[in-house]
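Enquirer: Handing you a structure now.
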Amino acid sequence: MNKQLERVSFAGALVTLGIVYGDIGTSPLYVMNALIGDAGKMGNISPNYVIGSISLIFWTLMIITTLKYVVIAMQADNKREGGIFALYALVRKNSKWLIWPALIGGAAILADGTLTPAVTVTSAIEGLKKQHLGPVVFSNSQHNVLIITTVVLLVLFMIQRLGTGVIGKSFGPVMILWFGFLAVFGIVNLINYQ
């Protein structure tokens, strides 16, 4: 066994869950609405359409994760460093033109980091429109969605300066609850709506 590898702990797994899987775990907030909700603009939705859509999502994630990360990305490193620019440093001597894919990839990562939080939080808040949560009834106003989204993003970005460790420690338990919520409601709906 490699002595440089640290022992995997529950706390480390929890931090990883919060940082890595937080993005994937929040996708159901807007993906399913885009496929079969009002955003899909479809009158009649067949069970085959729903199963096919979910299958497409599942297999896309499985194939991309397996091929891109497990087979390719985990095998390529630059002195145990990863990422687009670390990998570019490995190949730049042989092919100078590879700076362009590296720059495009870096720009895509920056764009993803900018757009994903805004889309995720906005979609989550929009999902609360006209919902009754105990005595609280969320209004249908887009103005309220904008205000709540702005406040949530400002708080998240203010916390972010404390580092990924703090975010991971706080988001890890939240993601466990969220995945548990998804599992319970998924099983209940599978039983009720076979």
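Enquirer: For the chain, what does the equivalent ellipsoid look like in terms of its semi-axes, each the square root of 5 times an eigenvalue of the Cα gyration tensor, given largest first in whole Å?
Expert: 34, 22, 20
Enquirer: Per residue of the chain, what 222 nm ellipticity follows from adding -39500 (n - 2.57) for every DSSP H run with n ≥ 4, rounded to the nearest 500?
Expert: -22000 deg cm²/dmol, from helical runs alone.
Enquirer: Considering the dipole of the chain built from charges on the beta carbon (Lys and Arg +1, Asp and Glu -1) around the Cα centre, which of Val31, Phe85, Thr120 is farthest to its positive end?
Expert: So the residue furthest toward the plus end is Phe85.
Enquirer: For a quick check, take a GNM of the chain with Cα springs below 10 Å and name the residue from Val15, Val152, Val70 with the largest mean-square fluctuation.
Expert: For the chain, modelled as a Gaussian network with Cα springs under 10 Å, the answer is Val70.
Enquirer: Pairing the Cα long axis of helix 47-64 with the longest principal axis of the chain, what angle in degrees results, from 0 to 90 and rounded to the nearest 10?
Expert: Once rounded, one gets 20 degrees.
Enquirer: Let me ask something else. How much length is gained on full extension from Asp77 to Ala89, taking 0.36 nm per residue of separation minus their Cα-Cα distance?
Expert: Value of the extension gain: 3.3 nm.
Enquirer: Springs between alpha-carbon atoms under 10 Å, Gaussian network over the chain: tell me which of Val91, Val121, Val145 tops the mean-square fluctuations.
Expert: Looking only at Val91, Val121, Val145, the largest GNM fluctuation is found for Val91.
Enquirer: Still on this structure, please answer the following. Assuming a strict under-29 Å limit between Cα atoms, what lysine pair count do you get for the chain once near-sequence pairs (fewer than 8 apart, same chain) are dropped?
Expert: 12
Enquirer: Here is a follow-up. Provide the per-residue ³J(HN,Hα) series for the stretch 179-192, in order, calculated from phi with Karplus coefficients 6.51, -1.76, 1.60 and θ = phi - 60°, each as a whole number of Hz, with x at glycine and proline positions.
Expert: Using θ = phi - 60°, the values come out as 5, x, 4, 4, 5, 5, 5, x, 5, 4, 5, 5, 6, 6 Hz.
Enquirer: Counting alpha carbon pairs within less than 8 Å and at least 6 residues apart, what relative contact order, in whole percent, applies to the chain?
Expert: Contact order relative to length: 38 percent.
Enquirer: Can you list residues from other chains, or at least 5 along the same chain, whose modelled amide H is less than 5 Å from the amide H of Phe138?
Expert: Lys130, Gln131, Leu133
No lab work stands behind these numbers, since they all come straight from the coordinates. A quick note: this is a predicted structure, and the numbers were derived from the prediction, not measured. In this analysis, Cβ positions are derived from the backbone assuming ideal geometry, glycine residues included, and neighbour counts consider all displayed protein chains.
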